[in-house]
Amino acid sequence: MWKKTLPALFILSPFALATPATIPTMPPTESTTADVELQPLALKQQWLNEQQTLLLQRENFLQLENLINTAIKQKMVSEPLIKLASQLVSEEYPLQEETQWLLLRAKLAMVTPENLATRVQEIQTFSKQYPNTAKRNKLAQLPISLYAEHQKREELLQYAGNTPAEGLKNQCLVFESKYQQFNAEHTESFKYEQKKLLQEFDLFWQNTHTTLPPECDSLTQEWLKQGFLNVEKIKNKAVIHFQHNQTLAAIPSSDENVQQWLTELEFLRTNANSLQTFAENQALDPWNQAIITKAFTSFVKSQPEEINQDHWAIYQTWAEKFQLSADDIRQWKIAFLNRAFDNDNVAFQQWRDAQLAELKADNLLERRLRMAIWQKTDLKPWLALLSQEAQNKQEWQYWIAKTSPEKATRLTKLSQERGFYPMLAANALGKPYQFDFPKAPMLNENQLIAFRSQLARVAELRALQRFDRAKLAWQDLLQSVSFTEKLALTHYAQQQNWFDLSVEGTIIAKAWDYIDLRLPNAYSEWFELNLKNKKINKSFAMAIARQESAWNFQAKSHANALGLMQMLPTTAKQTAKNNGLPFSGEQDLLQPFRNIMLGTTHLAELNEKYPNNRILIAAAYNAGSHRVERWLARANGKLAMDEFIASIPFFETRGYVQNVLAYDYYYQMLQGLQPLQMFTKAEQQRY
């Protein structure tokens, strides 16, 4: 299904990215046999010439990059250097945007009062030609700081009039320039203009939730001198800082009582469990009301899970004291119940269930449904309380069907959709799971020409292993085209073996039904090689990798899981040691073959522990075997397969298992395997 056709191979060649003048064309007259035989040789020679040219251009680009970066670092940028650098890279090289950005950075490293206007014009020209790079680097804001640095007050204000300042530093520079301008002019309207400016600054100060930068210092002093600051503004400012979890230490106050309040507030911000002391000692006013309302969620998370309805009674008195609205109290109660949910006190459980029925909060009801599933109690009362939006989810459609007199009809309808629960519905009916998925169009010749430069840029960035930059370039391209073009470009990425960009393309296009694009046949031969003599199917191992990294072989998680199969270095080291495999450190995991080698070996280890049970293997791969053992102990052999999956307590692991099993089935379809297997016998046992 993924084999490249002759046209596809042509698309992958540089000819597809050539200019219209260099795209080979057939003469209008009939070709002789000799001509036909010579054409492949001519094309091959042209390709070799183009590759040589590209390699030379690439080397020149790298020289340019190194030259400019070194000069900037050493503060040795000069006009002769820029002139030399600008001649290194030809206009045909795909990385024109990167080249021009390097040259602009070099020019910006040598700004003088004399060339400042020229530099600003160069910034604007670059921004117009390359708006995405300009936006990411906030180039439109750069002239403000340049004008300020070179004391071009009039030019700064004129520029800011057309391009409003963003960010605290630039906003302060504009305020400061206006203030200095008024001081310099000493006109009759000076006092009026100064007062107006200070009033604007007053609003700015009150609504800023972080400490102002030094660029605002002189105006802040004048603002204080003119008596704009008062207790009400200090407290308003403190509330804004607290709500954004920003320090209150820099908020000025000469009032001892206010300063004491600020100190207590700062302590509460960094010590959520001190809310009780704050609530009991503070009086009712709008500021304390806002603080109490905001602080409760963090406070309740700091409390032990054994809190119960008696604790809520205390919190209710706080709510009454500070006159919280009904909606605020509801949010408090939801936060409280989330924390105390699993308290095993019978009286609390009865109270909790009564509150759930009253609140009708979907997140709590779904949690209660999972509890009912593993406790083997009636689901119908809780299903009925879900909002219509929640009931429409495939998962709850499945459980509604399972508890309905029209079970077969509902399951049949669900089984016609795409996803894990439709597959589960088909399995419950004892029927094969089948669905049709659309095919993506290919880029036509005109589109190949139209997207030539963007695709060449992506290809060259990847050749230079600038994968993050290539992804940005890819995103920029896809976000500027139609849905059909997104699909065709994503198909092109798959042909190029840009597996991660193929997945990214389906995400940008929201092309969820195009499973052949969503699940590319990535590194298929390496999976086959590493799975020989292992009791792990290729479709399952690839499903794990697809779920873990979306085929980004450089993926790094917040927990430092790395590469295609997102292995922790500690796990990889132990797996290598247990199986006599080489492992030199984290960098090995960023190499696709090494990552697949260690990842599939770890899957085989888990299969020894949970034979032929992808549910438990996937759960253990994601959350650890120790947690799987805990969940199995809780289930105690009483749960069916669907009940066990639904009652996995971790949202991430539950979704992970469902996605992996669905992806495994899709990969079986795409790889043309027969018969297709939804679930193994071991998976359909009791848990």
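Stretch His150-His244 to full length: gain in nm at 0.36 nm per residue minus the Cα-Cα span?
30.4 nm
Beyond 27 Å, what percent of the Cα pairs of the range 268-418 remain?
Cα-Cα pairs of the range 268-418 separated by over 27 Å account for 36 percent.
So if each residue of separation counts as 0.36 nm, and I subtract the Cα-Cα distance between Gln45 and Gln226, what length gain in nm does that give?
57.3 nm
For the range 370-418, what is the convex hull volume of its Cα atoms per residue in Å³?
83 Å³
Report the Stokes-Einstein translational diffusion coefficient (µm² s⁻¹, integer) for the range 524-684, Rh taken as the Kirkwood radius over Cα pairs, at 20 °C with viscosity 1.002 mPa s.
Calculated translational D: 134 µm²/s.
Once both labels are modelled 7 Å past Cα along the beta-carbon direction, what's the Gln350-Asn115 spacing in nm?
Between Gln350 and Asn115, the label points sit 8.3 nm apart.
Got the relative contact order for the range 524-684 handy, in percent, Cα pairs under 8 Å and 6 or more residues apart?
24 percent
Just report the Cα centroid separation between the range 182-223 and the range 662-687, whole Å.
68 Å
Past the 32 Å Cα-Cα mark, which pairs from Lys169/Lys195; Lys107/Lys178; Lys393/Lys439; Lys44/Lys107; Lys152/Lys195?
As for pairs spanning more than 32 Å Cα to Cα, those are Lys44/Lys107.
Taking the convex hull of the alpha carbon atoms in the range 445-512, what volume per residue do you get, in Å³?
Convex hull volume per residue, Cα atoms: 77 Å³.
Which of Leu661, Ala550, Gln100 sits closest to the plus end of the dipole of the chain, meaning its Cα is farthest towards the positive end, when Lys and Arg get +1 and Asp and Glu get -1 on the C-beta?
Result: Leu661.
Modelled label-to-label distance, Lys638 and Glu91, 7 Å Cα→beta-carbon offset: nm?
7.7 nm
Within the range 580-684, which trypsin sites (Lys or Arg not before Pro) sit in a loop by DSSP and count at most 12 neighbouring Cβ atoms inside 10 Å?
Lys681
If I take R0 = 45 Å and measure r between the Cβ atoms of Gln391 and Asn273 in this structure, what FRET efficiency does the formula 1/(1 + (r/R0)^6) give, to the nearest 0.05?
FRET efficiency, Gln391 to Asn273: 0.75.
Under a straight-distance cross-link criterion of Cα-Cα below 24 Å, which lysines are reachable from Lys534, leaving out those fewer than 8 residues away in the same chain?
List returned: Lys573, Lys577, Lys609, Lys681.
Quote the FRET efficiency, to the nearest 0.05, computed for Gln194 versus Lys233 with a Förster distance R0 of 22 Å and r equal to the Cβ-Cβ distance.
Taking R0 as 22 Å, the efficiency between Gln194 and Lys233 is 0.70.
Could you check how many percent of all C-alpha pairs in the chain are farther apart than 46 Å?
Result: 43 percent of Cα pairs exceed 46 Å.
Using R₀ = 25 Å, calculate the FRET efficiency as 1/(1 + (r/R₀)^6) where r is the Cβ-Cβ separation of Asn533 and Arg627; round to 0.05.
According to the calculation, E is roughly 0.30.
Go through the range 472-559 and name the chymotrypsin sites (Phe, Trp or Tyr not before Pro) that are in a DSSP coil and have 16 or fewer other Cβ atoms within 10 Å of their Cβ.
Counting only loop positions with at most 16 other Cβ atoms within 10 Å, the chymotrypsin sites (Phe, Trp or Tyr not before Pro) in the range 472-559 are Trp512.
Taking N as the number of residues in the range 372-483, what is its Cα Rg relative to 2.2 N^0.38 Å?
Rounded to two decimals, the normalised Rg is 1.73.
Rounded to whole Å and sorted largest first, what semi-axes of the equivalent ellipsoid does the C-alpha gyration tensor of the range 266-349 yield via the square root of 5 times each eigenvalue?
22, 14, 10
Using DSSP to call loops (not H, G, I, E or B), can you name the trypsin sites (Lys or Arg not before Pro) in the range 439-529 whose Cβ has at most 13 other Cβ atoms within 10 angstrom?
Filter output for the range 439-529: Lys439, Lys510.
For the range 191-334, what are the per-bin percents of Cα-Cα distances with bins 5 Å wide, up to the bin holding the maximum?
2, 8, 18, 19, 16, 12, 9, 7, 4, 3, 1, 0, 0
Contour minus end-to-end for Leu81 and Asn363, with contour as 0.36 nm per residue of separation and end-to-end as the Cα-Cα distance?
Extending this stretch completely gives an extra 95.4 nm.
Averaging the inverse of every distinct alpha carbon separation and then flipping it gives the Kirkwood radius. What is it for the range 105-168, in angstrom units?
12.0 Å
Read-outs: derived from the displayed coordinates by stated rules, not from any lab. The structure presented is a predicted model; accordingly, all values stated were derived computationally and were not measured. Cβ atoms come from the backbone with ideal geometry, glycine included; neighbour counts cover every protein chain shown.
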